[in-house]
Amino acid sequence: EIFKMRLLTHNYMQSTVKGTENGYPLQIEADKIEYEESPFDPDFVIALIPKIEYKTILFAVQQIAERCSTDLPSEIQLPDLPETIEKDDNSEYDKELLKKLHVVLLDIHVVQGHLVCPGTGRRFKITQGIPNMILHEDEI
Amino acid sequence: FITADQESVLLAALTGPNAPWAPSQQNFSKTGSVKRRVQHYGYVFDYETANVLRDRDSDGIDAKCPPMPSLPMDCAGCCDEELESFANDSVKNGDGWNVLAAVIEKVRRYQFQDEATSNLDNQDVVDNSVVSEEGARGNDGGIVATKTNPIRAAPLSFPNINQITVNEYKRGQGIGSHIDTESAFGDGLISLSMGSDCVMEFRSKEGTKKLVHLPPRSLLLMSGPARFYWSHQIVTRMTDCVDNKVISRRTRVSLTLRTAISLADESGNTSPLHIVESSSFPPKWGDARNNASDDTSDIATPETERSHVHAVYDAIATQWHHTRGKRGVLWPGATQFLKELPTGSIVADVGCGDGKYFPAIWEAGSYVIGTDISEPLLQTSIGACSDFESKLGPESRLISSVRSGLNARPAVAVADCMQIPMRTNSCDAAICIAVMHHLSTTPRRLQCLRELARVVKPGGRINVQAWALKQDEASKRKFAGTDVFVPFNAQPRYLKKVQNSPIERSKGNNLKERTTKCQGVAEMYSEAYDGAEYDERKGLVVFQRYCHMYREGELEDLVSHINNLEIEHSGFESGNHFVIMKVV
């Protein structure tokens, strides 16, 4: 059993290398991506919407599409996401949108690869789904 | 001479994480190195030349041992009762260095009585015993004291004590027969024994042998012929025989107080060297200047934490996880804190270890991102709770299948709490449990709090918990000092492979073959980790974890230094201090 890094997790992660004003969002260099379907709970997704940095979700999806070193597994259909998330006329979220968000936040996993600091280019390795964010002494 | 509590606190300081051990040295006859660990205060005693290094500024850093611990300013000139009271207050505060300062002052003031006896078979234990030639009575000093036949004579005291050597004798270690260098030290060698009994052997120049039993907490005075004429030694063996009973030796720590003297002038006179002392603790080698550090190095990982926290958890990760149930249920305050979180909260679990609190967070309908410095420990958090499903209660806010999904793939990253790899103001809450007591300096503790305050958004809440110096009344556990080593008994079969250990590198063969031989693995870890020892009798590797035990109010005081943190609630529960705060 191994760990896998969701894009929801990536949404919160930043580089803390000394001297970088800009450590977020981390670029994703994926060597291995997996899709693992999980049960859909619309209330949970709705609760997450105000917490996430949505632009980063779009960015992460784009990173995976463009910078995956291997072909994406066939079961991964990167959902087509809108520019912004908005409620419909009934002040609710469209169910299809919630399902897409669910897939993108929780079911697409980076298993191997690197996270890259946008400010310094420093690469943080992801091994067996666990990113190693420990800085070297000269980076503190 | 000292109480059992004073002994515990002294030992915790003298053999604890801040103990200023001297670099190892060759012995006088250069036949090998001095194997015992030693410390010097005031002036270094150099084993190669068997003399005192009088010039603290010469010989580079090796002559600049820590100063003699001294009493704080407001205690100078206090009376004996006040001194004892200060010593006991220091014991309550787990403050070993202040206890040491009090003991030094007590010895300087002590009036040793000359007591004569002709009964040399009587080796009664007394608080101060002095060894003599057979049949000697009185005037030269140096007499075996017994309770049966004391004769009062001139008072004898040593107010100019300016040098201390601490010797640690592990089971089976001893010290060769010698007379302390005459030109180095004046009369009056005083030794406080702690931790174990032992029997010291005295030999006169004619070959007469005397045995003196030194029980723990006793004070030994060697004066006159006992100091200048009789040599003394501790035989290297595992037991001693006292009154026809065999006493097993344990680790013994002796504190020897001496008066170092100047070289003789033309008239042959000497005088005591001036006292080099300080009430700044913990005592350190070298200049105070060298110990100051700039901002960044203030939070760099100290060696103590590397070898006594990080390396230990890396090694014991598997056993730690397997025995988690034994180490107690989740701390109630923390689970309450998590239950109060709104559904869908993002929680940072900083120093999450094996993910002990993950299930509670999922049950609260929230998403946790855990970080820890130990990768092996993080790896045990997968399926963080194997009986997770069965623990679900009616208050669980996520549907069970979602929780299982989260449980199967916990979100974790390897990271140092000094630099939490999360964006500013992104989390709704953070917990930091059993982490602060592994941070060894104030700047690091502040940095951890600062980082927690940074990643949690304004209005969010943080829960920090750490071990308390004062434990529950009912608890058997008692911490003897504020900075201590807490042992962890590791079974070799659980110990994980160590990358880059010296034995690993030299052998280079398959770990599986080696792990079946428990002793081999244990030896590998004993060498790989500084301070770990192999207990042959129990077949366990004993790691020493560095811990800082918090005094009442100490955590709150640290939090008060962080401007955007406001304390909501703090207290003591189950042997821990906790603080719940809000980011403002």
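General observations
- Once you reduce the range A:83-140 and the range B:407-449 to the center of their Cα atoms, the two points are 20 Å from each other.
- Taking other C-beta atoms within 10 angstrom as a stand-in for reagent exposure, A:T56, A:T70 fall in the order A:T70, A:T56, fewest first.
- Peptide-level mean, for A:120-132, of C-beta atoms on other protein chains within 10 Å: 3
- Cut-off under 5 Å, modelled amide H: who pairs with A:I33 long-range: A:V111
- The shape of the range B:402-474 comes out oblate: with a ≥ b ≥ c from the C-alpha gyration tensor, a/c is at least 1.5 while a/b does not beat b/c.
- Cα gyration tensor, the range A:29-71 - rounded (a/c under 1.5), prolate or oblate: oblate
- Ordering of B:534-546, B:231-243, A:88-100 by packing is B:534-546, B:231-243, A:88-100, highest average first (other Cβ atoms within 10 Å, averaged per residue).
- Estimated vicinal HN-Hα couplings, Hz - the range B:260-274 in sequence order (Karplus 6.51, -1.76, 1.60; Gly, Pro = x): 6, 10, 6, 5, 5, 8, 4, 7, x, 8, 10, 9, x, 5, 5
- The Cα-based radius of gyration of the range B:195-285, divided by its Kirkwood radius, gives an Rg/Rh of 1.07.
- Against the rule of thumb 2.2 N^0.38 Å, how large the Cα Rg of the range A:28-140 comes out: 1.20
- Across the range B:433-439, coupling constants 3J(HN,Hα) worked out from phi with the 6.51/-1.76/1.60 Karplus curve, θ = phi - 60°, read 10, 6, 10, 4, 7, 9, 9 Hz, and Gly and Pro carry x.
- Computed [θ] at 222 nm, deg cm²/dmol, chain A (DSSP H ≥ 4; -39,500 (n - 2.57); rounded to nearest 500): -6500 deg cm²/dmol
- Going from the fewest other Cβ atoms within 10 Å to the most, the residues B:S278, B:S33 appear in the order B:S33, B:S278.
- Rounded if a/c under 1.5, otherwise prolate or oblate - the range A:67-112, Cα gyration tensor axes: prolate
- In sequence order, calculated HN-Hα J values of the range B:349-358 (Karplus, 6.51, -1.76, 1.60; Hz; x Gly/Pro): 9, 8, x, 6, x, 8, x, 3, 8, 4
- Exposure proxy shown here: for B:M581, B:M68, the number of other Cβ atoms within 10 Å sets the order, fewest to most, as B:M68, B:M581.
- Peptide A:12-20, shielding by other chains (average Cβ, 10 Å cutoff): 5
- This model, with +1 at the C-beta of Lys and Arg and -1 at the C-beta of Asp and Glu, gives chain A a dipole about its Cα centre of some 520 debye.
- Cα-centre dipole for the range B:31-104 with unit charges at Cβ (Lys and Arg positive, Asp and Glu negative), debye to 20: 460
- As a length-normalised measure over Cα pairs under 8 Å and 6 or more apart, the relative contact order of the range A:10-140 settles at 38 percent.
- Dipole-positive endmost among A:I134, A:I76, A:Y35 within the range A:5-140 (Cβ charges, Cα centre): A:I134
- Inter-chain neighbour count for A:45-56: the average number of beta-carbon atoms from partner chains within 10 Å of each residue's beta-carbon is 3.
Taken together, the values in this text are just the output of simple stated rules run on the coordinates, not laboratory data. Since this is a predicted model, take the numbers as computed values, not measurements. In this analysis, Cβ positions are derived from the backbone assuming ideal geometry, glycine residues included, and neighbour counts consider all displayed protein chains.
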